[in-house]
Each structure stands twice: as structure tokens, then as C-alpha cells.
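The values are calculated or read from the model by the stated rules, or taken from the named source; none is laboratory data. These numbers come from a predicted model, not from an experiment. Virtual Cβ from ideal backbone geometry, glycine too; neighbours counted across all protein chains shown. Accessible surface is based on the protein model in full, side chains and every heavy atom, while ligands, DNA and RNA are left aside. Shrake-Rupley method; radii C 1.70, N 1.55, O 1.52, S 1.80 Å.
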Amino acid sequence: MSLNKEKQAKKPSPNRRLLGYAKPYIGYFALALLIIMVLVVLELYQPQILGKAVDGFVSKYEAVSSEGFSISELKAMRADDLSGVVKLGLFYLVTVLAVMGLTYAQATILATVSQKIIYNLRNDIFGHMMKLHVGFFHDNPIGRLVTRVTNDCETVNEMFTSVIVNILKSCFVLIGVIGVMLATNVRLSLYIFIVIPFITVATFVFRTATRKIYRAIRAKISELNGFVAEHVSGMKVVQVFTAEEDVKADFEGRTEELRGINMKQLLTFALYSPVSYVMNITALAILIFVGGHMAYDGLVTIGTLVIFQRYINKFFQPIQELAEQFNTIQSANACSERIFWLLDTKPEINNDPECVHVDAFKGKIEFENVWFAYRGEEWVLQDVSFTVQPGERVAFVGATGAGKTTIQNLICRYYDIQRGRILIDGIDIKKIAVEDLRRNIGQMLQDVFLFTGDVKTNIRLNETKITDQEIVSAAKTVNAAPFISQLPGQYEHEVIERGAAFSAGQRQLLSFARTLAFKPSVLILDEATANIDTETEALIQDALGKLMEGRTTIIVAHRLSTIQTADKIIVLHKGRIMEEGSHQELLSKGGIYYKLYKLQYEHEMGE
């Protein structure tokens, strides 16, 4: 066995790991368990009350009435018996009310504890997702990850609420029923216990059959959530290409697969339920046949038969409940496997144990013989070296796939390089605390993401240290204040998902205000003026000038006309630096940059 397999073999099961979340609340579970033990005692004692009523009082009526007494005479003679029946009836009612009250208390305790457990589990999952590198979210559909945090946690919640302690209750009831029946009459009990092997085998087969089905169900639900999330996000593309019917057909095919698996689960349970019912009826038939003969021979009383009849029902009820709880357990097990798969995914970007904390950067950036590949040895950057001085504006150009965007991702350490070093102010970025590194680098991307909330929250991004005054000041500086002031509610104006109600230019201005509010030392611009109207582009260019003032700026350029004033332009081709210099220097060389500029210039002139 390999080392990895040995580690996997030693890893606790998902359900056992879930119990680790319950450990801090063991006192509450102990209290719920104590309540359940009292409930079991009360439920097991209730048939005894009925048995006493039948043997002590009711059965006497049959014997006395057969001797020919009048009704009034019988009432006078049976006054004490009637009083005894009333007392036992009231006592039985008290036990029923006690069971109701204790059941409510137990349910309240378990519901409270389970919500606390799921609260902690959800926070751990979401917090862990925040630590995972960007590539993880490219490789895993967002809908599936959302399912981990929402649906899967709810299924696990149900297990804590209604399964764990109730399984113990069912087991206690089964053991108690068997014990009391044997104590009451061994011979009659052994006859009835003939059905136990059959119901045991049926339960084992049912549990085995449903385990695989529930894993398949959870996988299909997760896949379906991913499909829906993806196509709702891309609905505009679907409608542009009039692919609604094709997408609908694909969705129907996926839901048909899920329906088929759900039908397997329902049919499996539908087959098990009659088996349990038949075993119950068989046990009652044995009681009537064997118990009847024993009562006729005077070996048992009528009250004993009543007690056994009640215990037979109580024997099969927990078995039925266990079968239903197996459904929840199997579903929760499938969910917990997927939850802990996510929690076991190791963050690829971690702080070095001896990392340094940096309040602000001067802004010197150095790449020393950097090699990087997203997969294997498919090198995106090959032996790349360059230096950006503090306050310098450096642009990267090149054809699609040359490595421009990769460089900005590596500076922010969304990925780690395989060879070489990246330094900021002479410090290897792997030695800088990740949160300090990214806080000091402001990224402005072409595709701006705004969150549901208000304008102010989208600029602040939950950073409580940024005051309202600083938000307003940042918005004014980057020319966002004029359009914000025209919004209903202004800075409290509600932003819908992704900021869909704003124009591309307005979203970009808000992203500038957000960046400025965080006061970064280094700026990274990914063609912030692409696809913007001329009037808004002028505002953005003015805002960019204010943002770049006194800051080291990395520009990923697609339109070469926007970088002519850069201090230095670096030309990338297939992951290597081919040329380096100012706009005029590169044009005079007549190399790759000259050809790119000429091609783009002719294209723009043609338009």
C-alpha cells in the first residue's frame, strides 16, 4: 500500500468527523439522552398499566357478570374495580402528557444544538473556500460549491436534529422491549422472536442498497445546481444564440436522470416497508395463535396478551424508524463526504511560517528567471526577468496567450511559480504575508464585479476601517461622485447582483473608487477603458491619472494606443520577453511591437 493510501485509510470517516463538531455540545446531547432514557422507561411502562387494568379489574367483570347479577348489583360490587380503572386511566394519561412534554424538550435541545453545529460547519466551509487559490474555482463549478454550503449542510443538520439521539432511542426501545417481554414470559417471547432474523436481514439489505443510491442522488443534485447556476449566469449568451430549447432539453435530460435515481430510492423503501409490515402482522398472528392456546391452558393471563400486543407494536415501530433514519444517515453521509472533500482540499497559497508583515510598499518589482505553468510543464512563462522601479509605469503587450495576465496573477500570488523568484522591495513575495501583499496591490480588471448591497458597501467591501468620508473622497477623486449623487439614495442606493443596473463605465468608476479607498502601493490595470463610450473613457482616463500618481503601475495592454506614455513597454511572445523599451524605441526597432502596432493601427484606421 502506498503512503497516500495509508493516510486515506487512517483518515476518520466523514460521519465520525462530523461528530467532532458535536463534541463542544456533548453536555446538551447528554441531557437529550437522559430525557430519551426517561421517555423509553415511560413508553415501556405504559403497556404494563394496561395489563394491570385488564387483569386486576376488567377481567373480573367477565367472571362476575356470568353469574347472573343485575346491572345495579354489579355496579355496587365493582365500585372498587371501577375506581381502580379510573386511577390507572389517569396515571396512563399522566405518562402520556409526560411523554409529550419530554419529547418537546428533547426536540428543542437538539434543534438548538444542531443549528449551532451547522453554523460552525458552514463558517468553516466558507472560510476555507476563501483560502483556496483562484485555479480551484476555475476547475470546480460554482453551483457545486454553493451546494456544499447550503443543501449539504441542511441535510447534515437534519441528521443532528432527528437522527443521532433518536437512533439511540430506537435501540433502547428495542432492547427494552426484548428484555421486558422475556421477563414477562420467556416461552411466548421466543415464539414471537422468530421474526427477528428475517427483519434483520431485510434491514441490512435495505441499508446496503440505499447507500450507493444516496451518493448518486447527491452527486446529481450538485451537478444540476452547477448547470442551473452556469446557465442563469450566461442567460444572455443563451438568448443571443437562441439556444433556449437546446439548453432546456439538456436540463430535462439531467432532471430525468435525477428522477430515475430518486425513483430507485423510493422503490427500495417502498419494498422495505411492506416487509416490515408483514413481519409485524406475523408476530401478531403468532401471539394470537400461541398466546391464545397458552391463555386457554391458563399459562398466561389476558392482561399478558394485551401487554405483548402493545410491545409487538413498540418493537416494530423503532425498526421502521431506524429504516427511515437510515435514509437520512445515507444522505448525510453522502453530503458529509463531499463537505470534507472540500475541507480537505489544501490551499496552495499559504503564508510562510516566517513570513514578514508589510504596511506599505515602495513599489520596486523584480522577476528573476521566472518559469510558470498552470499544468505540468506546459510553460506559460519561460525564464522571464525584468525590473520595475518604484513609481514607474510599465506596460505588457503581446498576442493572446503570451503571458500578460499570468504576470499580474503571479505578482498578486494567486499562483506560485515553479522556478525563479518574484521580489517586491527586495523581499521574495513568498515571504510576505498574503493578506499584506494583496492589500497593497490594487487590481482593476476589465470585468468589474459588484456585489449585492449598496454603493457604499461595494466601495468599502466590509473593511470597517474605511470611513464614509473616505468613501466619498475616493468617489470624488475618480469622478464617480457625479453619477452616484444622481442615484436614489446616493451612497445607500441598492446594487443588484453584479451591478447589472449600471453601465460598464459606471461599474468601472466604482471599481476605481474601491481601489483608491484601500490606498494600494502598487496598481495593476487590465485595459480598464475597453468597451467604454468616448465620454466615459475621458472620465476614466482622468481618474486613472490620479490613481497612478506616485504609484508603481503595471498595465496589461490590449489597445496599444493607451500605453504610449508608459515609462517602459515589455513585449511578450509565447511566454518569453522579446523586446523592452519606450514606445518610440520599440517602433524604431521595427520588431514585434512595431508589427503589432502597425496591424492594430491599420485595423483602427480601417474602421
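At a glance:
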quantity: Enumeration of residues in region 405-438 that are open to solvent by 40 Å² or more (accessible area, probe 1.4 Å), closer than 28 Å to E549 by Cβ and not in a loop (DSSP other than H, G, I, E, B); calculated: T405, I427, E435, R438
quantity: For A528: the one exception among (1) at pLDDT 85 or above; (2) open to solvent by less than 10 Å² (accessible area, probe 1.4 Å); calculated: (1)
quantity: When residues of region 185-224 are limited to those that are closer than 19 Å to L267 by Cβ, in contact (Cβ under 8 Å) with a residue 12 or more places away in the chain and among the aromatic types (F, W, Y), the one most open to solvent (accessible area, probe 1.4 Å); calculated: Y214
quantity: Helices (runs of 4 or more DSSP H) lying entirely in region 140-215 (those with 3 or more residues that are modelled with pLDDT of 80 or more and under 20 Å from L284 (Cβ atoms)); calculated: 164-184, 186-192
quantity: Selection count where residues are of a type outside the set (A, V, I, L, M) and surrounded by 18 or more Cβ atoms within 10 Å (Cβ to Cβ), scope region 339-350; calculated: 1
quantity: Helices (runs of 4 or more DSSP H) completely within region 3-113 that count 2 or more residues being aliphatic (A, V, I, L, M) and modelled with pLDDT of 65 or more; calculated: 14-22, 26-53
quantity: Residue list for region 183-222, restricted to those being out of contact with any Phe, Trp or Tyr (no Cβ under 8 Å at 6 or more places or on another chain), within 19 Å of S273 (Cα to Cα) and of a type in the set (S, T, N, Q); calculated: T200, T208
quantity: Top-ranked residue of region 113-128 - restricted to ones that are in contact (Cβ under 8 Å) with a residue 60 or more places away in the chain and under 27 Å from L33 (Cα atoms), ranked as most open to solvent (accessible area, probe 1.4 Å); calculated: K116
quantity: Wholly enclosed helices (runs of 4 or more DSSP H) of region 230-346 bearing at least 1 residues touching a residue at least 12 places away in the same chain (Cβ under 8 Å); calculated: 244-286, 292-296, 302-344
quantity: Checking A402 against (1) modelled with pLDDT of 85 or more; (2) buried (at least 21 other Cβ atoms within 10 Å of the Cβ); (3) not in a strand (DSSP E or B), the condition it does not meet; calculated: (1)
quantity: Residue match in region 463-474 (condition: over 33 Å from the mean Cα position of the chain (by Cα), surrounded by 15 or more Cβ atoms within 10 Å (Cβ to Cβ), among the charged types (D, E, K, R) and at pLDDT 80 or above); calculated: yes
quantity: Within region 361-395, tally of residues that are closer than 16 Å to I569 by Cα, over 39 Å from the mean Cα position of the chain (by Cα), touching a residue at least 24 places away in the same chain (Cβ under 8 Å) and part of a strand (DSSP E or B); calculated: 8
quantity: S162 vs. criteria of a type in the set (S, T, N, Q) and either open to solvent by 50 Å² or more (accessible area, probe 1.4 Å) or more than 30 Å from V278 (Cα to Cα) (or both); calculated: no
quantity: Condition met for P488 (outside any helix (DSSP H, G or I), open to solvent by 30 Å² or more (accessible area, probe 1.4 Å) and at pLDDT 80 or above); calculated: yes
quantity: Where D454 falls short, out of the listed (1) at pLDDT 85 or above; (2) of a type in the set (D, E, K, R); (3) over 25 Å from G391 (Cβ atoms); calculated: (1)
quantity: Failed item in (1) more than 40 Å from the chain's Cα centre (by Cα); (2) assigned to a helix (DSSP H, G or I); (3) modelled with pLDDT of 80 or more; (4) among the hydrophobic types (A, V, I, L, M, F, W, C), with F512 passing the rest; calculated: (1)
quantity: Region 556-580: number of residues that are on the phi > 0 side of the Ramachandran plot and open to solvent by 10 Å² or more (accessible area, probe 1.4 Å); calculated: 1
quantity: Region 531-550 - residue that is among the charged types (D, E, K, R) and modelled with pLDDT of 75 or more and, of those, nearest to F483 (Cα to Cα); calculated: D542
quantity: Residue check, D447 without any contact (Cβ under 8 Å) to a residue 40 or more places away in the chain and either assigned to a helix (DSSP H, G or I) or closer than 30 Å to Q486 by Cβ (or both); calculated: yes
quantity: Cross-chain or 6+ apart pairs with Cβ under 8 Å, region 569-592 first and free of Cβ contacts under 8 Å to residues at least 24 places away in the same chain and more than 10 Å from A402 (Cβ to Cβ), then assigned to a loop (DSSP other than H, G, I, E, B) and charged (D, E, K, R); calculated: S582/D567
